[in-house]
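Peer 1: Structure incoming, see below.
The values are calculated or read from the model by the stated rules, or taken from the named source; none is laboratory data. All values reported here derive from a predicted model rather than from experimental measurement. Cβ placement follows ideal geometry from the backbone for every residue including glycine, while neighbour counts extend to all protein chains displayed. Each accessible area value is taken on the protein alone, full model and side chains, heavy atoms only, with ligands, DNA and RNA left out. Shrake-Rupley method; radii C 1.70, N 1.55, O 1.52, S 1.80 Å.
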Protein chains: 2
Amino acid sequence: MDTPPITVRPIGYVRRPQNACTGLEELRQAPAEILVHPELVPGLEGIERFQQLVVVFYCHRVRGFSLRVHPRGDPSQPTRGVFASRSPARPNPLGLTVVSLLGVEGNVLRVRGLDALDGTPVLDIKPFSPTFDQGTEAA
Amino acid sequence: MDTPPITVRPIGYVRRPQNACTGLEELRQAPAEILVHPELVPGLEGIERFQQLVVVFYCHRVRGFSLRVHPRGDPSQPTRGVFASRSPARPNPLGLTVVSLLGVEGNVLRVRGLDALDGTPVLDIKPFSPTFDQGTEAA
């Protein structure tokens, strides 16, 4: 692709006690922390009023991608386009998850529901908004 | 911030007939097109089965940001941290919206609900997933 590149910078990182490659469901069940860059802490003001946040992260362990993937990595499933899947191995390996906010202390957000490994760069945090994020059906 | 930069590349662009800076609500009501880079079209296979997609885009018109913002740009509202707002003027000006898929033809997705201006670079398209995207309340 000859499209011009866009540069983003992590606003923080995921920290979680275990770095084992546990399954998706274990990652989502276990609480995790997001360490926000200390310079950006004023940007967290008032975030504690939200129960749910959208976290955008960069799947830094991903190397390369295929345009056709097996859904959920299950080879018994017929392939589909990567944009019709949630595979992290995609042209831009961006992850996107709605998490529950458990607490905020200084530059540390404690969350549950985050399917990101220890050390994952976080690019953005937004309050969940029914206007922008509400879906009704995923087929 | 001294965090290492991350480079992403647009997978396509938003095209919409009018480029006037209309309000958010007008943008969301009007259908829009996403032109996917022709090389990536195989990645769209099977996307037509989804009624709702999550679109991640880069708000390319944004210049700079404040860590504290007035919600919805309303100066009568007390400021809050930018991560407790959906302001597009944020450290990484990433936009994120659940849209309805109206149709797919070749490399063109017709969608409704997209609050992005003509020419906006699109970074990712994912099927809406209740597992990752379902929120129940935003307070």
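Peer 1: Any chance segment B:62-84 includes a residue that's within 11 Å of chain A (Cβ to nearest Cβ), touching a residue at least 24 places away in the same chain (Cβ under 8 Å), open to solvent by 20 Å² or more (accessible area, probe 1.4 Å) and within 27 Å of A:R90 (Cα to Cα)?
Peer 2: no
Peer 1: Here's something else I'd like to know. Only one of A:V122, A:V41, A:V36, A:V108 is within 9 Å of chain B (Cβ to nearest Cβ), aliphatic (A, V, I, L, M), touching a strand residue (DSSP E or B) at 6+ places or on another chain (Cβ under 7 Å) and touching a residue at least 60 places away in the same chain (Cβ under 8 Å); which?
Peer 2: On the way: A:V122 fails: within 9 Å of chain B (Cβ to nearest Cβ); A:V41 fails: touching a strand residue (DSSP E or B) at 6+ places or on another chain (Cβ under 7 Å); A:V108 fails: within 9 Å of chain B (Cβ to nearest Cβ).
Just one listed residue meets the conditions, A:V36.
Peer 1: Looking at segment A:58-69, can you tell me whether even one residue there is farther than 26 Å from A:I34 by Cβ and in contact with a Gly (Cβ under 7 Å, 6 or more places away or on another chain)?
Peer 2: Yes, some residue in segment A:58-69 is farther than 26 Å from A:I34 by Cβ and in contact with a Gly (Cβ under 7 Å, 6 or more places away or on another chain).
Peer 1: Within segment A:85-95, count every residue that is modelled with pLDDT of 95 or more and open to solvent by 20 Å² or more (accessible area, probe 1.4 Å).
Peer 2: Going through segment A:85-95 one residue at a time, the tally reaches 1.
Peer 1: In segment B:88-102, how many are in contact with a helix residue (DSSP H, G or I) (Cβ under 8 Å, 6 or more places away or on another chain) and more than 7 Å from every other protein chain (Cβ to nearest Cβ)?
Peer 2: Result for segment B:88-102: 2.
Peer 1: What's the number of the only condition in (1) open to solvent by 10 Å² or more (accessible area, probe 1.4 Å); (2) more than 7 Å from chain A (Cβ to nearest Cβ) that B:S129 fails to meet?
Peer 2: Among (1) open to solvent by 10 Å² or more (accessible area, probe 1.4 Å); (2) more than 7 Å from chain A (Cβ to nearest Cβ), B:S129 violates only (2).
Peer 1: What residue, of A:V55, A:V41, is β-branched (V, I, T), open to solvent by 40 Å² or more (accessible area, probe 1.4 Å), modelled with pLDDT of 95 or more and touching a Gly at 6+ places or on another chain (Cβ under 9 Å)?
Peer 2: The conditions single out A:V41.
Peer 1: For segment A:25-35, state whether one or more residues are closer than 23 Å to B:T79 by Cβ and at pLDDT 95 or above.
Peer 2: Among the residues of segment A:25-35, at least one is closer than 23 Å to B:T79 by Cβ and at pLDDT 95 or above, which makes the answer yes.
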